[in-house]
Amino acid sequence: MFITFEGIDGVGKSTQLDLLQKWFEAQGKAVVRTLEPGGTELGQEIRHLLLHRKGDVAPRSEALLYAADRAHHVATKIRPALQEGKVVLSDRYFDSSVAYQGAARELDVEEVRGISLWAVDNLLPDLTVLLDLDAQAAIQRRNKTGTEPDRLEREKVDFFERARAQYLELAKEPRFLVVDATLSIDEIQAQIRARVTTMESH
């Protein structure tokens, strides 16, 4: 099973990924936990270029760098793990590019989606969990972490509003589960586990 977590920065993806990973492992399942960008050694280098390098990155260059990271990530880590029967949990996948590099950067959403799907050879997740939160609230949450914001996290609120709106548009696809990120950590996790259990029983 391949499950991805999406949402604007500050919605609590890492916390929910931790809990879901522990739940799967308690059932004796082998889990591969990963993230984008940076889920591979090459990806770590691309992540640094995208998020921590000084200076701007042109929007199209940014989209292509994310696609390059993702292509390598899928070929060397995600597909091999799925072929071995493991559960793969990823913090972000190509929907992030559609929302951030497409809508938020005001590039053509369908073009960014097309590049992303080509990069992953059309590998879709079995489930995409979208943790949804108002952009201003998400920024306030992120600021409370005390960590230095990266290049994307320093964007203004309207950037995140465009990304959130695109996520909600994408979430009309049946593979999505949209969860209100203002709920308690336990309530969010319960909704995710309920959906996974339903999928496993089919």
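FYI, it's all coordinate maths here, none of it is from the lab. All values reported here derive from a predicted model rather than from experimental measurement. FYI the Cβ positions are ideal-geometry reconstructions off the backbone, even for glycines, and counts take in every protein chain you see.
Return the pair list, or none, for Cβ contacts closer than 6 Å from residues in segment 34-55 that are at positive phi to residues that are of a type in the set (D, E, K, R), at least 6 apart or on different chains. What qualifies is 38/47. Could you list, in sequence order, all residues of segment 141-188 that are of a type in the set (Lys, Arg), over 17 Å from the mean Cα position of the chain (by Cα) and either closer than 17 Å to residue 17 by Cβ or in a helix (DSSP H, G or I) (or both)? Result: 141, 144. The residues of segment 167-184 that are of a type outside the set (D, E, K, R) and under 22 Å from residue 2 (Cα atoms), listed by number, are 167, 168, 170, 171, 174, 176, 177, 178, 179, 181. Within segment 165-192, residues that are within 13 Å of residue 12 (Cα to Cα) sit with their Cβ atoms under 6 Å from residues that are outside any helix (DSSP H, G or I) and of a type in the set (D, E, K, R), at 6+ positions apart or across chains, in these pairs: 181/132. For segment 73-87, filtering for residues that are β-branched (Val, Ile, Thr), within 19 Å of residue 119 (Cβ to Cβ) and either touching a Phe, Trp or Tyr at 6+ places or on another chain (Cβ under 6 Å) or touching a residue at least 60 places away in the same chain (Cβ under 8 Å) (or both) leaves 1. Is it fair to say residue 191 is over 23 Å from residue 19 (Cβ atoms) and assigned to a helix (DSSP H, G or I)? The answer is no for residue 191. Taken over segment 40-76, residues that are among the β-branched types (Val, Ile, Thr), over 20 Å from residue 105 (Cβ atoms) and either buried (at least 20 other Cβ atoms within 10 Å of the Cβ) or touching a Cys at 6+ places or on another chain (Cβ under 9 Å) (or both) amount to 2. Being closer than 13 Å to residue 163 by Cα, surrounded by fewer than 23 Cβ atoms within 10 Å (Cβ to Cβ) and among the β-branched types (Val, Ile, Thr) is the filter here, so list the residues in segment 80-128 that pass it. Of everything in segment 80-128, just one residue is closer than 13 Å to residue 163 by Cα, surrounded by fewer than 23 Cβ atoms within 10 Å (Cβ to Cβ) and among the β-branched types (Val, Ile, Thr), namely 109. Does residue 29 satisfy the condition of being free of Cβ contacts under 8 Å to residues at least 12 places away in the same chain, among the basic types (Lys, Arg) and surrounded by fewer than 20 Cβ atoms within 10 Å (Cβ to Cβ)? So residue 29 fails the test. One residue stands out in segment 1-16 among those that are of a type in the set (A, V, I, L, M) and buried (at least 21 other Cβ atoms within 10 Å of the Cβ): the one that is farthest from residue 189 (Cα to Cα), namely 8.
Only helices (runs of 4 or more DSSP H) whose full extent lies in segment 11-127 are considered here, and the ones with at least 2 residues that are basic (Lys, Arg) are 13-26, 59-73.
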